[in-house]
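What follows is calculated from the coordinates using simple rules that are stated; it is not laboratory data. Note that the structure is a prediction, hence the values are computed from the model and not measured. We place every Cβ from the backbone using ideal geometry, glycine too, and count neighbours over all the protein chains shown.
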Amino acid sequence: MGYDLIQTIAIWALPVIFAITLHEAAHGYVAKYFGDMTAYAQGRISLNPLRHIDMTGTIIVPLALLLLSKLFGGSGIIFGWAKPVPVNFSGLRHPKSDMLWVAAAGPVANLLMALFWALVLKFAVSVPGSAFALPMGLMGKAGILINVVLMVLNLLPVPPLDGGRIAVSLLPHGLSYRFSRIEPYGMFILLLLLFSGILGIIMGPLVSTVMRLISSVFNL
């Protein structure tokens, strides 16, 4: 079991780290484009994972979920988070409308990474005799899955998730303000959805649909 765990960590490490760190870097880059220099000033617009790693969310939680999955079984799906990139929405040139693009940048980054890992998997399938085919294929599958899961999760319309901020940007001002006041309770709502099983019911079909679309596009 020890060797199997090490092998699994080796397969998932890069996809997980880059999925959650590039997601955050994308927020900072787009915020800078629309006028907010907060993330740039703090050196957070970087492809260096070390600038975004959160010890708990990037390392401890994914490893704990992976270990629990190995010990007790389960889907094997792991997730985590990076240090949130600081964004001062009032520093954007048009705070309400620009918030949409800043929020959407993270899920778009995950979609692009899912497509990249699909290409990796496609290459692995095309060279079945290579010594690298199996590890590349497994890493490609892990990369697609973790990025699709993070994209779908972050698009849920629950502040402070990206989908919640997108909803705040799109709603009329009165509704937008009232909806934004949910944010302090957003994590409790997510935990309630998670432990009640509702989150899985919502996300399962969406993740499966996106996975099928990617598989169809790349003929995997």
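Descriptive notes on the structure:
- MRE, 222 nm, helices only [DSSP H, n ≥ 4, -39500 (n - 2.57), over the chain, to nearest 500]: -23000 deg cm²/dmol
- Each of 36, 162, 98 was scored by other Cβ atoms within 10 Å of its Cβ. Arranged with the fewest first, they read 98, 36, 162.
- Placing +1 on the Cβ of every Lys and Arg and -1 on the Cβ of every Asp and Glu, with no other charges, gives the stretch 113-212 a dipole of roughly 100 debye about its Cα centre.
- The charge dipole of the chain, taken about its Cα centre with unit charges on the Cβ atoms of Lys, Arg (+1), Asp and Glu (-1) only, comes to about 220 debye.
- Cut-off 14 Å between beta-carbons: net charge of the residues surrounding residue 83, Lys and Arg +1, Asp and Glu -1: 0
- Lys/Arg +1, Asp/Glu -1 at C-beta; the chain dipole; positive extreme among 160, 206, 99: 99
- Placing unit charges on the Cβ atoms of the charged side chains and taking the dipole of the chain about its Cα centre, the candidate lying farthest along the positive direction among 191, 173, 38 is 173.
- Modelled spin-label separation between residue 64 and residue 10, with each label point placed 7 Å from Cα along the Cα-to-Cβ direction: 2.7 nm.
- Along the stretch 188-195 the Karplus relation, 6.51 cos²θ - 1.76 cosθ + 1.60 evaluated at θ = phi - 60°, assigns HN-Hα couplings of 5, 4, 5, 5, 4, 5, 5, 6 Hz to successive residues, with x for each Gly and Pro.
- Fewest-first ranking of 27, 94, using other Cβ atoms within 10 Å as the exposure measure: 94, 27
- In the stretch 103-182, the inverse of the mean reciprocal separation of distinct Cα atoms equals 14.1 Å; this is its Kirkwood hydrodynamic radius.
- Under Stokes-Einstein, with the Kirkwood radius over Cα pairs as Rh, the value for the stretch 159-220 at 4 °C and 1.567 mPa s is 95 µm²/s.
- Our coupling estimate for the stretch 152-165, obtained by passing each phi through the Karplus curve with A = 6.51, B = -1.76, C = 1.60 and θ = phi - 60°, is 5, 4, 6, 8, 5, x, 10, x, x, 5, 4, x, x, 5 Hz, Gly and Pro reported as x.
- Number of Lys pairs (Cα under 29 Å; 8 or more positions apart or on different chains) in the chain: 8
- Residues in the stretch 40-50 carry Karplus couplings, in order, of 4, 5, 9, x, 9, 8, 8, 8, 7, x, 4 Hz; the curve used is 6.51 cos²θ - 1.76 cosθ + 1.60 with θ = phi - 60°, and Gly or Pro positions show x.
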